[in-house]
1. Can you give me the distance in nm between label points at K141 and R9, each placed 7 Å from the Cα along the Cα-to-Cβ direction?
2. Sorted by average packing, counted as other Cβ atoms within 10 angstrom per residue and highest first, what order do 54-61, 89-96, 15-22, 69-76 take?
3. Would you mind checking which residues have amide H under 5 Å from D139's amide H? H placed 1.01 Å from N; only 5 or more apart, or other chain.
4. Among residues other than Y50 whose Cβ falls under 12 Å from its Cβ, what is the net charge (Lys/Arg +1, Asp/Glu -1)?
5. Order these peptides, 105-112, 27-34, by their mean beta-carbon neighbour count within 10 angstrom, highest first.
6. Gain in length, L51 to D84, computed as 0.36 nm per residue apart minus the alpha-carbon separation, to one decimal in nm?
7. Run the numbers for K71 and F17: contour at 0.36 nm per residue of separation, minus the present Cα-Cα distance, in nm.
8. Give me, ordered by chain and number, the residues 5 or more places off V23 or on other chains with an amide H under 5 Å from its own placed amide H.
Amino acid sequence: MAALSWALRRLTRPRSFVYLVHVFPVVNSIPTPLGMMPKSRASPEQIETYLNKERSKRREMLQKFLDQCRKFQVTVDVYLIESDQIANAIIELVPVLHIKQLVLGISKSNVRKLRRGSTIGGQVQKSAPVYCKVKIICDGKEVMAETIADPTPPLSPPPVDNSRSNMTPPSTTLNHDKAAANGEEKGGESRERKKITKFLRCFSF
């Protein structure tokens with residue numbers, strides 16, 4: 001929440017457009033009274049019950065972020081990404097959504113690791129396209145990461161092939177829930193979202 005508050009105060013104004021991105025792990029096992037059960041051995045009912053509980057938790061968590069966005073009167077799109085490779089999932093989303101400013105939160109315990117480039121934030125900051133400015137926020141303050149990296153600047157990803165209309169980033173499944181914080185939507189933003197759905201498999205959660 002601290003990273004979002006920082007971004008809303010410093011980088012937005014009323015009617016600005018904001019993407020909220022949440023990456024959650026791939027479900028490989030289901031909890032049972034006797035312990036964890038591999039998903040392949042669970043019944044469809046057990047899987048659906050567990051997934052519904054997880055969706056409910058995400059809705060509750062995301063609602064707090066949406067409420068904060070409404071206070072600043074910004075328009076919001078929510079992207080839920082199912083992936084075990086968090087940094088890669090975020091990096092792959094940058095060129096698709098044309099993100100030019102990306103704000104990530106980090107805990108105090110990971111600040112030292114950030115400077116070694118061994119955290120998710122450090123990996124994203126190191127590998128993001130050159131046109132995307134990555135800000136790392138800890139307790140409401142920007143952290144300047146002095147990562148040890150190859151002096152060669154990261155290359156911008158190749159352009160997306162429009163002919164591949166069903167392409168989904170490798171090992172990543174996207175769930176898309178649109179929420180307009182101020183109830184208004186600009187024509188350009190609407191066209192942008194239509195373009196996005198050509199390249200991503202998006203569905204409500």
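1. Here the answer is 1.3 nm between the modelled labels.
2. 89-96, 69-76, 15-22, 54-61
3. For D139, whose amide H was placed from the backbone, the distant partners under 5 Å are I106.
4. Once positives and negatives cancel, what remains is +1.
5. 105-112, 27-34
6. 10.2 nm
7. My answer for the length gained is 18.1 nm.
8. Under 5 Å from the amide H of V23: I81.
All of the numbers you see were taken from the coordinates with simple rules; none came from a lab. Computed from a predicted structure; not experimentally measured. So basically every Cβ, Gly included, is an ideal-geometry build from the backbone, and we count neighbours across all protein chains shown.
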